[in-house]
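First comes the structure, then the notes that go with it.
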Amino acid sequence: MPGTYDFEDLILKLSTPFYICLIGLEIFLTHKTPHEELAKRPAYSLKDTLMNAVLMLLNGGIDLLFRAAYVSVLIWFYNFSFVEPIANPYWYWLALFLAEDLAFYTLHYVDHHCRLFWAVHVTHHSSEHFNLTTGFRSSVFQPLYRFIYFIPLALVGFNPADIIVMYSITQIYGIIVHTEYVGKLGWLEYIFVTPSHHRVHHASNVQYLDKNMGMCLIVWDRLFGTFQEELPTEPPRYGLTKSMEQHGLGQTVFHEWKAIGADFSQPVDFKTKLKYLFKAPGWSPDGSRETSKDLQRKLAARVTADRKQPIDREYIS
């Protein structure tokens, strides 16, 4: 698909200076921030930024090496499409945008709720910084399976070349929401994923875990119950619920795989090993560890109990 590669190349040439300018502006704003504010939250880190760049290059390299394979798969399914393509180009591209954004939401939801895929996606969440370069902190091995979620799009008549182009375009938006320098955006908060929504997504605060999964549209999260507003009383704490002991490249990419290996080495049956692999991160057969939903249920119970505490009238008077 030569035309697709040419268009992707154009997107890259246009987006690269755009990213550089935005990142430069954000770095400038970071250094203009008063020192007491910098002490409250992490700013840019050279080591972290370099790690983001390396992970992006690894992800991009795997994507290029594997592209012929996944494009061939999409074309094969496209040949069996059972829906006539939408004739009107405006409606066609709008429908593709909506369908692909929903497909990405589904991919992202599974990445967070199945440990096998979380082991891939966790690299994107492992930074304790949150800035525009965090958007490039890619899930290295995601190109090996991401295309599976786009197969239904090919089956309903969307050209594989157009699917790839649309993903490249929406990724631009997905990157620029990684910033702390944009507040809430009024009525746009009800339709689009905003920086405020995505700060929640990257936070390790219990009530923020596994929330706001959309790439461009927040409507899917609102529809499917995964939406969480950023609360002024609960500033986001970025990174993982349990920080990595080391921060080298190998540890960043493979630390969850090592943890899975340690669970597999336990004297448990094959069924339990499969559960370690496919159930939510944090699952354990004896309940000694907790998933995000377990943690959120405990938090909700604690909040409810606190509300039911009797008021000391003597203290009030």
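The values are calculated or read from the model by the stated rules, or taken from the named source; none is laboratory data. Please read these numbers as outputs of a predicted model, since none were measured by experiment. FYI the Cβ positions are ideal-geometry reconstructions off the backbone, even for glycines, and counts take in every protein chain you see.
Structure summary
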{"quantity": "Conditions (1) closer than 25 Å to Met56 by Cα; (2) touching a helix residue (DSSP H, G or I) at 6+ places or on another chain (Cβ under 8 Å); (3) in a helix (DSSP H, G or I); number of the one not met by Ile148", "calculated": "(2)"}
{"quantity": "Residues within segment 154-163 that are part of a helix (DSSP H, G or I) and either at pLDDT below 95 or farther than 23 Å from His124 by Cβ (or both), tallied", "calculated": "5"}
{"quantity": "Among (1) outside any loop (DSSP other than H, G, I, E, B); (2) touching a helix residue (DSSP H, G or I) at 6+ places or on another chain (Cβ under 7 Å); (3) touching a residue at least 12 places away in the same chain (Cβ under 8 Å), the one test that Asp294 misses", "calculated": "(2)"}
{"quantity": "Some residue of segment 294-313 being among the hydrophobic types (A, V, I, L, M, F, W, C), more than 24 Å from the chain's Cα centre (by Cα), modelled with pLDDT of 85 or more and exposed (fewer than 11 other Cβ atoms within 10 Å of the Cβ)", "calculated": "yes"}
{"quantity": "Leu144 being surrounded by fewer than 22 Cβ atoms within 10 Å (Cβ to Cβ), of a type in the set (A, V, I, L, M, F, W, C) and either under 13 Å from the mean Cα position of the chain (by Cα) or within 30 Å of Ile20 (Cα to Cα) (or both)", "calculated": "yes"}
{"quantity": "Cβ-Cβ under 6 Å pairs, at least 6 apart or on other chains, segment 225-239 side touching a residue at least 60 places away in the same chain (Cβ under 8 Å), far side acidic (Asp, Glu)", "calculated": "Tyr238/Glu128; Gly239/Glu128"}
{"quantity": "Count - residues of segment 168-191 that are part of a helix (DSSP H, G or I) and in contact with a strand residue (DSSP E or B) (Cβ under 9 Å, 6 or more places away or on another chain)", "calculated": "1"}
{"quantity": "Yes/no for Ile86 being within 18 Å of Pro152 (Cα to Cα), at pLDDT below 95 and β-branched (Val, Ile, Thr)", "calculated": "yes"}
{"quantity": "Top-ranked residue in segment 9-43 [being β-branched (Val, Ile, Thr) and touching a helix residue (DSSP H, G or I) at 6+ places or on another chain (Cβ under 7 Å); ranked as modelled with the highest pLDDT]", "calculated": "Ile23"}
{"quantity": "Ile86 surrounded by fewer than 17 Cβ atoms within 10 Å (Cβ to Cβ), in contact with a Leu (Cβ under 9 Å, 6 or more places away or on another chain) and within 30 Å of Leu274 (Cβ to Cβ)", "calculated": "no"}
